[in-house]
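Here is the structure we will look at, set down as structure tokens.
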């Protein structure tokens, strides 16, 4: 395997090397005899195998074996400084140009075990079920298309209306009265013909309404309006199927997103387990009952809708590629509009008697 050194700079300071790859932090590497510096310089000359690097170092007067070099590369790999040289690109000039920024992003997370091209291939092979292509959903669709997700199934039953134009940029005035999913699918196909899109114009009122849509789906993302407690309907469907869910939305002054990893994290029904009952004659119970009765008009404006969609899309990316662990699995992440979008993270309680969690298949 040929190894490439990622972009970095270093300078000697006494017996140490000060090295910077990510500008937010500096690494201090102990190097009293200059071996680490010599390895970095040998790597920076050109990608090479351990055997080739050992030969370069011997030319510098360092008696190191290929096994010594491999140990050094493992250390650099643990710091995120090296990657597979032959897996930086997808190998097709058209795709390499199309995914240039995606490949560059994953370069930060690539390693000798997993290449940046592997992350992008995973996306191109992925299938995401998008629930709702309205406010946050329309931005979510655009983000998923930007990733180059291979297949999208879009679910919505609304038509394009003038009120959508404050926050939904998939649509044009000429689309008023048309099915949102049809128009959203056309947008995706125009944007990237490589993406396969399926549309479902359907009202979702129970878990069975989603059952036939979950085969071969990697992630369910978005949110639906309509039925009361529709989030619990979706939660039950994904728990039965064992498919991760990422959802989010807005209250009056809060933006929220969360995710559910069936069989691993608590679910949305678990989150209900420690909530006061609306029938309780307590201040908390009364407040919850009054909150349920409020008619909240959709207050999403453009930047908030884009915020919701992008947060859901980024959490979905974690599930789809594993570039890092999900940040909101079994956790409600809230951004407070009254305090400049400061963030609060609150884990769901785990209900050992949760009937929805009991539906989740055993994880392999």
Quickly estimate the mean residue ellipticity at 222 nm for the chain, helices only: each DSSP H run with n ≥ 4 gives -39500 (n - 2.57), and the total goes over all residues, rounded to 500. -11000 deg cm²/dmol
If you average the alpha carbon positions of the stretch 225-244 and of the stretch 87-138, how far apart do those two centres end up, in angstrom? 27
By how many degrees, between 0 and 90 and to the nearest 10, does the Cα long axis of helix 230-241 differ from the longest principal axis of the chain? 50
Among 237-246, 29-38, how do they line up by average Cβ neighbours within 10 Å per residue, starting with the highest? 237-246, 29-38
Of (i) 0.97; (ii) 1.07; (iii) 1.11, the label for Rg/Rh (Cα atoms, Kirkwood Rh) derived from the coordinates: (ii)
Based on other C-beta atoms within 10 Å, arrange 5, 131 from fewest to most. 5, 131
How far is the Cα center of the stretch 35-56 from the Cα center of the stretch 294-346, in Å? 43
Please report the relative contact order for the stretch 3-86, taking Cα pairs under 8 Å with a sequence separation of at least 6, and give it as a percent rounded to a whole number. 32
Connecting C-alpha atoms closer than 10 Å in a GNM of the chain, tell me which of 133, 20, 141 has the biggest fluctuation. 20
Enter the angle in degrees (range 0 to 90, nearest 10) between the Cα long axis of helix 180-191 and the first principal axis of the Cα atoms of the chain, meaning the one along which they spread out most. 20
May I ask for the angle, rounded to the nearest 10°, between helix 50-59 and the longest principal axis of the chain, with both axes built from Cα atoms and the value confined to 0 to 90°? 40
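Which shape class, rounded, prolate or oblate, goes with the stretch 30-78 when its Cα gyration tensor gives a ≥ b ≥ c as root eigenvalues, a/c under 1.5 marks rounded, and past that a/b bigger than b/c marks prolate? Could you put the intermediate results ahead of the total?
Working: a/c = 1.27, a/b = 1.05, b/c = 1.21.
Note, shape of the stretch 30-78 comes out rounded.
Can you put 143, 270 in order of Cβ neighbours within 10 angstrom, beginning with the fewest? If you can, show how the numbers build up before the last one.
Working: 143 19, 270 22.
Ascending number of Cβ neighbours within 10 Å: 143, 270.
Before anything else, pin down the relative contact order of the chain: Cα pairs under 8 Å, at least 6 apart, normalised by residue count, whole percent.
13
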List 173, 99, 21 from most exposed to least, where exposure is judged by having the fewest other Cβ atoms within 10 Å. 173, 21, 99
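Throughout, read-outs are computed from the coordinates displayed, never taken from laboratory work. Source: prediction; values computed, not measured. Every residue, glycine among them, receives a Cβ derived from its backbone with ideal geometry; neighbour counts consider all protein chains shown.
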